[in-house]
Amino acid sequence: MSIDQPQANPETTDDHEVDYDWVLQSALDILEEPEHEETLRHNLELMTPQEVAQILESLPVAQREAVYALLAIDKLWPVAKELYEDSAKHLLRTVSDDARLHIQGMVTAEDIRAYGDWLPQRMVDAVMLDQDEATLKALQEALSYEDTQVGRYLDKSIMRVRPKISVGSLSSRLRKRGRVHGIYVVDEEGALLGHVSTESQLSSDDDRPVSDIMQPIVAFEHSDQFKDILKTIHSDDQVAWYPVEKDGALVGCFPVSAILWEMQDSILSTAVTEAPSTEEDLFTPIPKAARLRAFWLVINLATAFMASAVIGMFEGTLQQVVALAILMPVVASMGGIAGSQTLAVALRGLALNHISSANLDLLLKKESKIAAINGAAIGVLIAAVVAWWFDSFLLGAIILVAIVINSLAAASSGTLIPFILNKFNIDPAISGAVILTTVTDIVGFVVFLGLGALLLAS
């Protein structure tokens, strides 16, 4: 797909608005239409790093590499931080040596803490050598934890106070100390007793002891995993930093934002799409949810009868060649599984806004190639078993052809169905599988039984 005329280029406004679809289409066509490079470069410069990352995640590898070359060198690292890990690694491998050195100069100690697991080791080592001794020690300690553990994001910018200290003395210490992430009350052994919020500290009399205004707060162990502590944190806590303990003593705090960053990938990997307001969500009332699902169950029943009708057309063939009836579930199952895999990829792409009309054709070609490879490989294996089991090379060849064709149909429908349903404001997460199963069943049965009737039935 190409851009018809250069004048179709987006007009930027004083608000730096950019035609996202035009940029995506231009990026897809960059190898065939290099004359648009300068306009594309200008529009990429106006986009935020998040928007550029969204474009890159929607492109094939060759086009991504061409877009890397158009990005301003100062924008490479901000964009890389918005990409998924594999995409960010690819960017760092692909850009020039000069660009990598420039990126290295932009990487901070906090970046090492957050992205050190996928940054090139040479870059990590170089950045750490530039840090002072205290920062270096803190980084080394942080990198000893997994990126989903509390200790990875431990910050020691806290203030420890004893229960009997007055609010006035606390305020005086704060003025000398400067900004801290948390004020925590501890006992003689350093164990956490509670925390003091800024609001309560500013609104209390100077003579009051901090024990009168301290509030309880949940503390986490330095080795705790995010997936475990998410069950404890509540949105109404209004706490941005939580205390961290090690061996029963308070050692620092960590930001709630770290959990959001690190859990984003796993959340999105299971996300499908935001259902329209008329569709079901997690907390739709039971009667409404039952009614919505019943509609698609009835549709599924109708499509099942359609598949049965197709089988009925070959009743005579099935009576003559019993092996076809035995092997029908194999063909249907292979098509259903292949289609479900493609459907999951397409749903995730829609959820992340990585699929649009501009790159749908590329995704369709990619999924078709994968289906052809897997269908042929697994089909040959099944064909060999069938030929040996039923002592019929011809029957093995028939099931091979049926599986390959059904896999291709599954890939096509698994890609197109969610896109089409989404266009009509129908939630593909609920309805996509129903339509997909119908397509793979009918195509599989028609091809398999049709070839059987043509070549085997007397």
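Every read-out reported here was derived from the displayed coordinates using simple, explicitly stated rules and does not represent laboratory data. This structure is a prediction, so every number in the text was calculated from the model and none was measured. Because the Cβ atoms are built from the backbone with ideal geometry, glycine has one as well, and the counts that use them run over all protein chains shown.
Under 8 Å for C-alpha pairs, at least 6 residues apart: give me the relative contact order for the range 96-180, rounded to a whole percent. Write out the running numbers ahead of the final one.
Details: 41 pairs, mean separation 19.0, N = 85.
Reported as a whole number, the value is 22 percent.
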(request) Out of all DSSP beta bridges with both ends in the range 152-255, state the antiparallel percent to the nearest 5. (result) 70
(request) Filter the trypsin sites (Lys or Arg not before Pro) in the range 103-164 to those in DSSP coil with at most 10 other Cβ atoms within 10 Å of their Cβ, and list the result. (result) LYS164
(message) Output wanted: per-residue J couplings in Hz (rounded whole) for the range 391-406, from phi through Karplus 6.51 cos²θ - 1.76 cosθ + 1.60, θ = phi - 60°, x for Gly and Pro.
(response) 6, 9, 5, 5, 5, x, 5, 5, 5, 4, 4, 5, 5, 5, 5, 5
(message) If a paramagnetic tag sat 7 Å from the Cα of ILE73 along the Cα-Cβ line, which residues of the range 81-115 would have the backbone N under 17 Å from that point?
(response) 92-107
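Run through the range 131-182 and list the GluC sites (Glu not before Pro) located in a DSSP loop whose Cβ has at most 16 other Cβ atoms within 10 Å.
Numbers: sites: GLU133, GLU141, GLU146; in loops: GLU146.
Sparse-neighbourhood loop GluC sites (Glu not before Pro): GLU146.
So what's the projected area for the range 6-106, the Cα convex hull averaged over all directions, in nm²? Display every interim value, and only then the final one.
Values: hull surface 24.9 nm².
With every direction weighted equally, the projected area is 6.2 nm².
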(request) Any chance you could check the Cα centroid distance between the range 26-88 and the range 379-402 for me, in angstrom? (result) 47
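Semi-axes of the equivalent ellipsoid of the range 152-255: what are they in whole Å, largest first, if each equals the square root of 5 times a C-alpha gyration tensor eigenvalue?
Numbers: eigenvalues 114, 40, 31 Å².
Ellipsoid half-lengths, sorted descending, are 24, 14, 12 Å.
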(message) Run the simple label-point estimate for THR198 and GLU45 please: 7 Å along Cα→C-beta, distance reported in nm.
(response) 3.8
(message) For Cα pairs less than 8 Å apart in space and 6+ apart in sequence, what is the mean separation divided by the residue count of the range 6-106, i.e. the relative contact order in percent?
(response) 24
(request) Once you've got the Cα coordinates, tell me which of LYS137/LYS164; LYS365/LYS423; LYS89/LYS227; LYS89/LYS137; LYS164/LYS231 are over 29 Å apart. (result) LYS137/LYS164; LYS164/LYS231
(request) Mind pulling the per residue volume of the convex hull built on the Cα atoms of the range 334-451? Å³ is fine. (result) 88
(message) Place a point 7 Å from Cα of GLU32 in the direction of its Cβ. Which residues in the range 413-446 have their backbone N less than 17 Å from it?
(response) none
(message) Between ASP19 and ILE373, what's the calculated FRET efficiency when r is the beta-carbon distance and R0 is 45 Å? Round to 0.05.
(response) 0.80
(request) Kindly state, to the nearest 0.05, the FRET efficiency for ASP206 paired with ASN425, given R0 = 51 Å and r defined as their beta-carbon distance. (result) 0.25
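What is the local net charge at VAL210, summed over the other residues whose Cβ is closer than 9 Å to its Cβ (Lys, Arg +1; Asp, Glu -1)?
Working: positive: ARG162, LYS164, ARG208; negative: ASP212.
Neighbourhood net charge equals +2.
Please list, by residue number, every one of the chymotrypsin sites (Phe, Trp or Tyr not before Pro) in the range 370-443 that is coil in DSSP and has at most 15 other beta-carbon atoms within 10 Å.
On the way: sites: TRP388, TRP389, PHE390, PHE393, PHE419, PHE424; in loops: PHE390, PHE424.
Those satisfying the criteria are PHE424.
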